[in-house]
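The values are calculated or read from the model by the stated rules, or taken from the named source; none is laboratory data. Keep in mind that what you see is a predicted model, and the values were worked out from it rather than measured. All Cβ positions, even for glycine, are placed from backbone atoms using ideal geometry, and neighbour counts span all protein chains on display. Side chains are part of the model used for accessible areas, which takes the heavy atoms of the whole protein and leaves out ligands, DNA and RNA. Shrake-Rupley method; radii C 1.70, N 1.55, O 1.52, S 1.80 Å.
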Amino acid sequence: MDPDEFRRHAHELVDWMADYLDRVSDLPVTPGMVPGDIARRLPSSPPEQGERFEQLFADFQSLVLPGMTHWNHPGWFAYFPGNNSPPSILAEMLTATLGAQCMSWATSPAATELEQVTLDWLRRMLGLPETFVGVIQDTASTATLVALLSARERASGYSAGEHGMADSGKLTVYASAQAHSSVTKGVRLAGYGLDQLRLIPVDAAFAMRPDALAHAVSADLASGFRPACVVATVGTTSSTAVDPLHSISEVCRPHGIWLHVDAAYAGTAAIVPELRHYFDGMEQADSLVLNPHKWMLVNFDCSAYYVRDRDALLRTFQLTPEYLRTEHDDKVVNYRDWGIQLGRRFRALKLWFVIRSYGVEGLRALVRKHVALARELAQWIEATPGFELVAPVPFGLVCFRYCPAGLGEAAIDEINRRLLAQVNQTRRVYLTHTELNGRYVIRLVIGQRQTEREHVQAAWRLVQEAAANLKPRAVG
Ligand code: PLP
């Protein structure tokens, strides 16, 4: 592709992108495909000769696009949102154009310093003390693994040094029974072993019980284990429960246990003063993760990881082979030493563009709108006979179920399964489910940039219509 062709196609694509964002609400939110539908239409071997871009773009539109699930759709109520926004998309275009690999200050000074400054802006927005420093990781799963590795090293007195892994045979990790699966995966990968993970019981609002945590820590100490890390969650995946950070930090402090806060989805809400109380105590944490790629209008991927003791990161991850040494190393931040990977994308640019384009007030307004809509929907549900709200609604997630009178629990699970399938079959909205207290529960998350009240009303109408059409089935 010569420079003129690149220019022409880039202009065409930008027009297409603007039209797509405008008309995404007219598309079905889910593609209605069966497995293999796309692959079977693609050639099984690559072309020997290069093809024209016109052909590639035509295939993108006819083969790829129909198989996409549209996370940008205002009818997106599934999982948690994976937002983007025009300024973030533009930043990604620049990032791709620059093609920089930002492993160290020398390989891209602006990328490193912009990441430092932007993460410090975000720290202020979250109300975290100056002692916290930030680094962008790809995902919250990686950030939690980084926290677990740092905790492991600190608890072992960094005894492994540069020579290998500390012995983690006696180290234990604690998280609530509602913690995200990335904690379990991280515990496995960090070498603690799954039998060293204690899943702490939760209260009626699905939040970790600090008394049960204290009990588990004491029992482990008495049995000769060394408690290394507690992962607390603000905004659990199933129900956005809020673990009580103050009380949890009081259990951690006397024993020097690393406290990691997983606020992957809900963390963005900490920038809103009236929601900040849900995060009280996070300043006591050793580390914290939140995903601007979930609720802060930044394209996937961008996960902000904050740590109180920068040395704990460096002592865990720093390793400098001769070929990476530069004359500035003692004066600069080399982010390759702040996590697992060596090569790093220039992710700070999109976060910087988004914060500057919307301003902190603009981002707060978005979160406020979503939370207000979620609470309004919760009121509609509570006011409708035959439906029940299953968990508190601190943020944008509403957990509910349809429970017509006279049905047993198994029949209620079964009817909710069918209800969700019917609603999603319309392909006008996309909702997902979870299990709470052993029961099937429908999750509806309001967090997409373009979702307005009318979209929530339409979704609620679809749920009610589906419920009205369903006949209970006998469940054995
Ligand atoms: N933690 C929580 C509470 C989550 O809800 C999620 C994903 O939804 C994750 C961690 C994992 O996020 P990521 O996809 O960034 O690894």
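Looking only at segment 224-252, how many residues end up being surrounded by 16 or more Cβ atoms within 10 Å (Cβ to Cβ) and outside any strand (DSSP E or B)?
If we filter segment 224-252 for residues that are surrounded by 16 or more Cβ atoms within 10 Å (Cβ to Cβ), which is where we start, we get 225-245, 247-249, 251-252.
With the extra rule that they be outside any strand (DSSP E or B), the set shrinks to 225, 235-241, 243-245, 247-249, 251-252.
Qualifying residue count for the region: 16.
Go through 91, 100 for me and flag whichever is part of a loop (DSSP other than H, G, I, E, B) and small (Gly, Ala, Ser). Spell out the reasoning first.
Values: 91 fails: part of a loop (DSSP other than H, G, I, E, B).
Only one candidate passes the filter, namely 100.
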Next item on the list: Consider only pairs whose beta carbons are under 8 Å apart and that are at least six residues apart or on different chains; among these, list those whose first residue lies in segment 284-307 and is free of Cβ contacts under 8 Å to residues at least 40 places away in the same chain and open to solvent by 10 Å² or more (accessible area, probe 1.4 Å) and whose second residue is more than 13 Å from the ligand (Cβ to nearest atom) and of a type in the set (A, V, I, L, M).
Entry: 284/245; 284/259
Check: Would you say residue 356 is at pLDDT 95 or above and within 16 Å of the ligand (Cβ to nearest atom)?
Finding: no
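Considering only segment 458-467, I want to know if a residue exists there that is of a type in the set (Val, Ile, Thr) and in contact with a helix residue (DSSP H, G or I) (Cβ under 7 Å, 6 or more places away or on another chain).
We begin by selecting, within segment 458-467, every residue of a type in the set (Val, Ile, Thr); these are 463.
Add one more test, that the residue is in contact with a helix residue (DSSP H, G or I) (Cβ under 7 Å, 6 or more places away or on another chain), and what stays is 463.
There is at least one residue in segment 458-467 that is of a type in the set (Val, Ile, Thr) and in contact with a helix residue (DSSP H, G or I) (Cβ under 7 Å, 6 or more places away or on another chain).
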Notebook entry, point to check: Condition test on residue 216, is it in contact (Cβ under 8 Å) with a residue 40 or more places away in the chain, small (Gly, Ala, Ser) and outside any helix (DSSP H, G or I)?
Noted result: no
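Mind telling me which of the residues 239, 150 ends up being in contact with a strand residue (DSSP E or B) (Cβ under 6 Å, 6 or more places away or on another chain) and touching a residue at least 12 places away in the same chain (Cβ under 8 Å)?
Values: 150 fails: in contact with a strand residue (DSSP E or B) (Cβ under 6 Å, 6 or more places away or on another chain).
The match here is 239.
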Margin query: Given the criterion within 16 Å of the ligand (Cβ to nearest atom) and surrounded by fewer than 22 Cβ atoms within 10 Å (Cβ to Cβ), identify the matching residue among 221, 259, 194, 189.
Written below: 189
Next item on the list: Go through segment 309-366 and give me each residue that's in contact with a Pro (Cβ under 6 Å, 6 or more places away or on another chain) and either among the polar types (S, T, N, Q) or free of Cβ contacts under 8 Å to residues at least 24 places away in the same chain (or both).
Entry: 357
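Quick one: is residue 126 in contact with a strand residue (DSSP E or B) (Cβ under 8 Å, 6 or more places away or on another chain), more than 14 Å from the ligand (Cβ to nearest atom) and of a type outside the set (Lys, Arg)? Lay out the reasoning, then the answer.
Values: in contact with a strand residue (DSSP E or B) (Cβ under 8 Å, 6 or more places away or on another chain): yes; more than 14 Å from the ligand (Cβ to nearest atom): yes; of a type outside the set (Lys, Arg): yes.
In short, yes.
Yes/no matrix, rows are residues, columns are (1) surrounded by 14 or more Cβ atoms within 10 Å (Cβ to Cβ); (2) assigned to a loop (DSSP other than H, G, I, E, B); (3) more than 16 Å from the ligand (Cβ to nearest atom); (4) free of Cβ contacts under 8 Å to residues at least 12 places away in the same chain:
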site	(1), (2), (3), (4)
33	no, yes, yes, no
40	no, no, yes, yes
44	no, yes, yes, yes
49	no, yes, yes, yes
55	no, no, yes, yes
58	no, no, yes, yes
66	yes, no, yes, no
72	yes, yes, yes, no
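Search segment 200-213 for residues being within 15 Å of the ligand (Cβ to nearest atom) and in a strand (DSSP E or B), and hand back the single one that is most open to solvent (accessible area, probe 1.4 Å).
Taking segment 200-213 first, the residues within 15 Å of the ligand (Cβ to nearest atom) are 202, 206-208.
Now drop any that are not in a strand (DSSP E or B), which leaves 202, 208.
On the way: 202: 40, 208: 2 Å².
Of everything passing the filter in segment 200-213, 202 is most open to solvent (accessible area, probe 1.4 Å).
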